[in-house]
Amino acid sequence: MQDLNIAYLQADICWENPQANRDHFDALFASMNNRPDLILLPETFNTGFPVDPLHFAEHTDGPTTKWMKERSAQYNAVICGSILIAEKGLFYNRLIWMRPDGTSETYSKRHVFRMGGEHQLIEPGTQILQVELKGWKIRPLICYDLRFPVWSRNRYNNGNWDYDLLIYIANWPAVRSYPWKQLLLARAIENMAFVIGVNRVGVDGQGNIYSGDSCFVDAKGQSFSQSFAEKEMLVESTLNFSDLLILRQKFNVGLDWDHFKILHLPS
């Protein structure tokens, strides 16, 4: 298994200004020292959260998706972030997994944030996304999904794991930073996988403060690469599969996991 070079951007987001955000991320990209395989952006990185989808949702071939396609090709890296998408009269908080060849996969946020009113405007997704990059099996999720361990659950069957890396991109306010940090550790430990949490910083248009607290966590729940709180920064790190493989071989709790299926997703 090849090493996986990852860059994530713990960025401040310009409120309701997609063009300014695209320009800002261009400037941050220019500061990368290494050549990443994967570049991770926060949730709703082009507008902030929550914003009115009637005014800010784009179509699947809109300017931000085109920008992601161009930058993915330019840096020869997968770019992953979420934006608001309008489709068939509905609105989605949709993660886009954009590859350098212009192909993409998407994931619509399953757990829309009820306490912030997101459920009144955004249609919840129904399908988990599973992708591969350089042999790594990856599951990307969005923000509030972090609180739902069943949706995040890894599975093990006859030597095969559903995923090796679990990703959460977020707009997670500082007032709840302690649960953010603890839940990232829990998801890593219980799923025997690497976890990356990428959160924004700054203050949004509604006065919510974001401290970032973005980090990489290994399968033992140990943070091995962490950003500074409340500081905009680009973090570059390399994931090595050998440590994860050794842990899974020595302490394979997957053999004793309970087996289940999600039979029904309420609308």
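Read the figures in this text as sums done on the coordinates, not as results from a lab. Not measured: the values here are computed from a predicted model. Don't worry about glycine lacking a Cβ; one is built from the backbone with ideal geometry, like all the others, and counts go over all protein chains shown.
Observations, loosely collected:
- Across region 6-20, computed HN-Hα scalar couplings (Karplus, 6.51 cos²θ - 1.76 cosθ + 1.60, θ = phi - 60°) run 10, 10, 10, 10, 8, 10, 7, 10, 6, 5, 6, 9, x, 5, 4 Hz from first to last residue, x flagging Gly and Pro.
- Degrees, to the nearest 10: 63-75 long Cα axis against longest axis of the chain: 50
- Dividing the helix sum by the residues of the chain, where each DSSP H run of 4 or more adds -39500 (n - 2.57), gives a mean residue ellipticity at 222 nm of -6500 deg cm²/dmol.
- Dipole magnitude of the chain, debye to nearest 20 (Cβ charges: Lys/Arg +1, Asp/Glu -1, about Cα centre): 600
- Couplings 3J(HN,Hα) for region 131-141, derived from phi with the Karplus relation 6.51 cos²θ - 1.76 cosθ + 1.60 (θ = phi - 60°), are 10, 10, 8, 6, x, 7, 8, 10, 10, x, 10 Hz, where x marks Gly and Pro.
- Most mobile listed residue (MET233, MET192, MET32) in the chain, GNM with C-alpha springs under 10 Å: MET32
- Between region 44-67 and region 166-184, the alpha-carbon centres lie 22 Å apart.
- 0 to 90° range, to nearest 10: angle between helix 177-191 axis and the chain longest Cα axis: 40
- Angle between the chain longest axis and helix 241-250 axis [Cα atoms, degrees, rounded to 10]: 40
- Protection proxy ranking of 40-52, 14-26, 89-101 - average other beta-carbon atoms within 10 Å, highest first: 40-52, 89-101, 14-26
- 5 angstrom amide H check on GLU230, placed H, neighbours 5+ away: GLY212, ASP213
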